[in-house]
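Below is one structure, written out as structure tokens; the observations come after it.
The values are calculated or read from the model by the stated rules, or taken from the named source; none is laboratory data. No experiment lies behind these values; they were computed from the predicted model shown. For neighbour counting, all protein chains shown are included, and Cβ atoms are generated from backbone atoms with ideal geometry for every residue, glycine included. Remember, those area values only see protein heavy atoms, side chains included, never the ligands or the DNA or RNA. Shrake-Rupley method; radii C 1.70, N 1.55, O 1.52, S 1.80 Å.
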Amino acid sequence: MLSVHRSISFISFRTRGFASRPLYSKFLEQVEDTIRIVNPDPNLDKEAILKLPAAQRESVGVANRLSNRIKSLHKNNDCPTCWLQRAHCICSETPPIDHLVPSNVNRVFMLMHHKEIGLVVDTAKVLLNAMPEKARLVVNGIDEEYQETLRELNEAIKQKDRRCIVLFPTDDAQTFEDLVRENNEITSTSSDGDLCDEKFDVIVMDGTWNQARKIHSRYIPSEQEGGPKRVCLSQESLDIIAGINQDSDNPVESFTVNGVERGGSGRQLRRHPIKWKEVSTLEATRLLLKDMSKVTSENLLNEDGKACHDILSDYQLISDAAAVRQLGPPREKS
């Protein structure tokens, strides 16, 4: 496999009153633009909102909640890119790596529950900021009439000339390698065994497990209805999550907050009684990218010999550590 080393450059611009800042802060601006489109009259009273059609009413409700959250973020002068306090900002440590994303990835659609926007502990924001050219943020609860990225997502699901996959563990989900092998056997077009450089659109859900299930059910049609293929992680990746076959570049590292262990091994900082449901959106997605990179003809590495999935593992550790520093121990109840 060909190893390709590429350098990174930064692009900055000025907009909406902020000083020069990276291009990859565009995602919060996208949400702010969507809010203005959904609700051009922010003074619309509750009675008027209740009279709106159901889809519009939901969009307005979500937009209003997002507006309040984003106003608070700006009031506190938090970073609009990593959503952390300026003292804990990680942007300089987590630059974009679009150039290292596997060559068979076309776009990554992040279908995010609106309650995740602005959260300190959210990990999907790290993915968005790491691949600003390939990533698309789609906010759950806002209709496609107001959200260009949702229209783009729906077009990706429907189109036949470009492949689209969804990372979700349904009973019939396949690993990416199995999917490629099956497609090659059907088409007999591959002369390189199980290698695949054909580009895929990837859809990922971000939220709690229950939120992700509802988002999947709402936005992604079944395969029987013409929807995209569901993919799951390879056994190798599952073993990494379980700590059985730990990545050399993904060390088991957790954080203790007030005597309670948080995070580590790709787990989110939020606790869940079922351990595998603690796996973060970032960890699941970076391991899918690892699986996808194994069947490409290019092996994209940075100057330190690290692939995209290795760097994203580092980024989660950086993000988690900053979030723990900012949040500190839980407040004692009086």
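What to note about this one:
- Qualifying residue in region 22-38 (condition: under 23 Å from Cys308 (Cα atoms) and outside any helix (DSSP H, G or I)): yes
- Among the residues making up region 127-164, a single one is within 17 Å of Trp83 (Cα to Cα) and open to solvent by 10 Å² or more (accessible area, probe 1.4 Å): Asn129.
- The residues listed here are His113, His74; of these, the one that is modelled with pLDDT under 95, of a type outside the set (Val, Ile, Thr) and open to solvent by 20 Å² or more (accessible area, probe 1.4 Å) is His74.
- Of the residues making up region 117-124, at least one is farther than 16 Å from Ser25 by Cβ and not β-branched (Val, Ile, Thr).
- Hey, Ala87 buried (at least 19 other Cβ atoms within 10 Å of the Cβ) and of a type in the set (Gly, Ala, Ser) or not: no
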